[in-house]
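To start, the structure under review is shown below, and the notes come after it.
No lab work stands behind these numbers, since they all come straight from the coordinates. Bear in mind that the values here come from a model prediction, so they are computed numbers and not experimental data. Don't worry about glycine lacking a Cβ; one is built from the backbone with ideal geometry, like all the others, and counts go over all protein chains shown.
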Amino acid sequence: MRTFPSTSVRATRLGAVLALLLAAPAGAQPFTVDPRVSALVAQVNQGNIQNTVTVLSSFPTRRADQPEALQAKNWLVARFQALPRVTVTTETFQAGYAPNIIC
C-alpha cells in the first residue's frame, strides 16, 4: 500500500511549486488573473486527486496485453462521463506489444 505525506507537508510543497510557477522572471510584465481560470482552480479538490492516484495505482498493471488495462480504461471513462458537458469516446485498435496505457 502506498503512503502519502501529511496534508500540511503536501500543502507546503504545493505552495512552493505554485510560487515557483507563478514567480515572474526579472523584467517580466505583470499579468492579469483571468477570473474564469481562478474559478476552475478553486474547484480543484486534493481528495479527488489523491483518490484518482490511489485507484489507478491499485491496478496491478496497466499493460495493454492484460485485463487490468481494460479495467483502468473503463474506470477512467466512467470518471470523465460523470463530468457535465463532457462527451467521451474511445477507440479500439490492434497494435503490437505496448507496455502501458498512458493516462
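Values of log10 I(q)/I(0) for the stretch 22-82 across q = 0.15, 0.30 Å⁻¹ run -0.68, -1.21, by the Debye formula with one identical scatterer at each alpha carbon and no solvent.
In order along the stretch 70-79, phi translates into HN-Hα couplings of 5, 5, 5, 4, 4, 5, 5, 4, 4, 4 Hz, rounded to whole numbers, per the Karplus curve 6.51 cos²θ - 1.76 cosθ + 1.60 with θ = phi - 60° and x for Gly and Pro. Judged by the mean number of other Cβ atoms found within 10 Å, the most tightly packed of the peptides 51-58, 32-39, 13-20 leads the ranking 51-58, 13-20, 32-39.
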